[in-house]
Amino acid sequence: MLEFLPPGGTVRKLWIGEAEAYRDHLLRLDFESRRRRFSGGVGDDFIAQHARSIGAFGVVVYGFFLDGVLRGAAELRPAGPFAREAEAAFSIEQPWQSLGVGSVLLERILLAARNRGITALQMQCLAENRRMQQLARKFEADLKFDFGDVVAEVDPPRFTGLSLLREWTEDGWGVVNALLDAQSRLVRAG
Ligand SMILES: CC(C)(COP(=O)(O)OP(=O)(O)OC[C@H]1O[C@@H](n2cnc3c(N)ncnc32)[C@H](O)[C@@H]1OP(=O)(O)O)[C@@H](O)C(=O)NCCC(=O)NCCS
């Protein structure tokens, strides 16, 4: 699938040292987006603790960056070490919603899930969250879901050499983009 992102935006995996950037992004979510992201109201302390947990075994977070600032994220969290089930969750700050970012992030999460042998992916989604449901429907070929129960069951196919190569290539580009981004911010600051 072609990736359409807002101009200047990039998507890459977060590093463990970026837990603070993840926390700040989650704290910037407006009230409604925060409620939808966590399927209910949660406080700032909960968010700070949640962000710190990106270093836990098996957790993968993709971030959408604009001008070096994390504006959107997608999290893949396995149920346990070597588990076949995982949870996926998405958060995009309000000004960058409905611009295609969620679609790019979901595609990356599906690839990561597939490459880790995860066969059941759950997305906690409030019944009223039409946009998330529409987003999942776009990937009907890769997902099997039932929103009657507000939980989406996903069934990605098994990994192949090509799917592994794709993730590694994207990781490589992620590092290059992060370096270029840091350099251009340094130039601007100077
Ligand atoms: C839900 C969310 C992840 C979707 O990401 P997004 O970047 O806004 O979505 P996209 O722009 O990729 O749009 C995906 C699809 O949703 C549909 N859509 C977009 N905007 C919509 C809107 N305002 N209302 C209903 N459907 C909408 C479209 O079908 C779209 O696909 P298309 O443009 O190819 O037709 C994002 O809006 C978000 O983070 N919301 C707050 C937190 C949340 O709800 N998280 C989900 C629970 S984990």
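The values are calculated or read from the model by the stated rules, or taken from the named source; none is laboratory data. Because the structure is predicted, anything quoted here is derived from the model rather than measured. Note that each Cβ is placed from the backbone with ideal geometry, even for glycine, and that neighbours are counted across all protein chains shown. Surface areas here come from the heavy atoms of the whole protein model, side chains and all, with no ligands, DNA or RNA. Shrake-Rupley method; radii C 1.70, N 1.55, O 1.52, S 1.80 Å.
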### Message
Within region 107-123, does at least one residue satisfy the condition of being modelled with pLDDT of 85 or more, in a helix (DSSP H, G or I), open to solvent by 80 Å² or more (accessible area, probe 1.4 Å) and within 16 Å of the ligand (Cβ to nearest atom)?
### Response
no
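Here is a yes/no grid of residues against (1) under 16 Å from Met132 (Cβ atoms); (2) surrounded by 19 or more Cβ atoms within 10 Å (Cβ to Cβ):
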site	(1), (2)
Arg37	yes, yes
Gly40	yes, no
Gly58	no, no
Leu66	no, yes
Gly72	yes, yes
Gly80	no, no
Glu85	no, no
Ala89	yes, yes
Gln97	yes, no
### Query
When Phe159 is evaluated against the numbered criteria (1) in a helix (DSSP H, G or I); (2) modelled with pLDDT under 85; (3) aromatic (Phe, Trp, Tyr), which criterion, by number, is the only one it fails?
(1)
### Message
Could you check region 47-68 and list, in sequence order, the residues that are part of a strand (DSSP E or B) and without any contact (Cβ under 8 Å) to a residue 24 or more places away in the chain?
### Response
none
### Query
Going by the conditions given, is Pro7 part of a loop (DSSP other than H, G, I, E, B), out of contact with any Asp or Glu (no Cβ under 9 Å at 6 or more places or on another chain), over 22 Å from Leu111 (Cβ atoms) and not acidic (Asp, Glu)?
yes
### Query
What single numbered condition from (1) under 20 Å from Leu111 (Cα atoms); (2) surrounded by 15 or more Cβ atoms within 10 Å (Cβ to Cβ); (3) in contact (Cβ under 8 Å) with a residue 24 or more places away in the chain fails to hold for Tyr22?
(1)
### Message
Taking the criterion of being more than 8 Å from the ligand (Cβ to nearest atom), at pLDDT below 85 and either more than 30 Å from Ala189 (Cα to Cα) or within 16 Å of the chain's Cα centre (by Cα) (or both), would at least one residue in region 68-78 satisfy it?
### Response
no
### Task
List every residue pair whose Cβ atoms sit under 6 Å apart, with the two residues 6 or more apart in sequence or on different chains, where the first one lies in region 80-98 and is of a type in the set (S, T, N, Q) and the second, anywhere, is within 11 Å of the ligand (Cβ to nearest atom) and part of a strand (DSSP E or B).
Ser91/Ala73
### Query
Taking Gly102, is it more than 8 Å from the ligand (Cβ to nearest atom) and either open to solvent by less than 30 Å² (accessible area, probe 1.4 Å) or more than 20 Å from Asp181 (Cα to Cα) (or both)?
no
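Which ones in region 125-138 are near the ligand (Cβ under 6 Å from one of its atoms) and not basic (Lys, Arg)?
The answer is Cys125, Asn129, Met132, Gln134, Leu135.
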### Query
Hey, does region 20-27 have a residue that's modelled with pLDDT of 95 or more and within 11 Å of the ligand (Cβ to nearest atom)?
yes
### Message
Being part of a helix (DSSP H, G or I) and either open to solvent by less than 60 Å² (accessible area, probe 1.4 Å) or within 19 Å of Val104 (Cα to Cα) (or both) is the filter here; which residues of region 10-19 pass it?
### Response
Glu18, Ala19
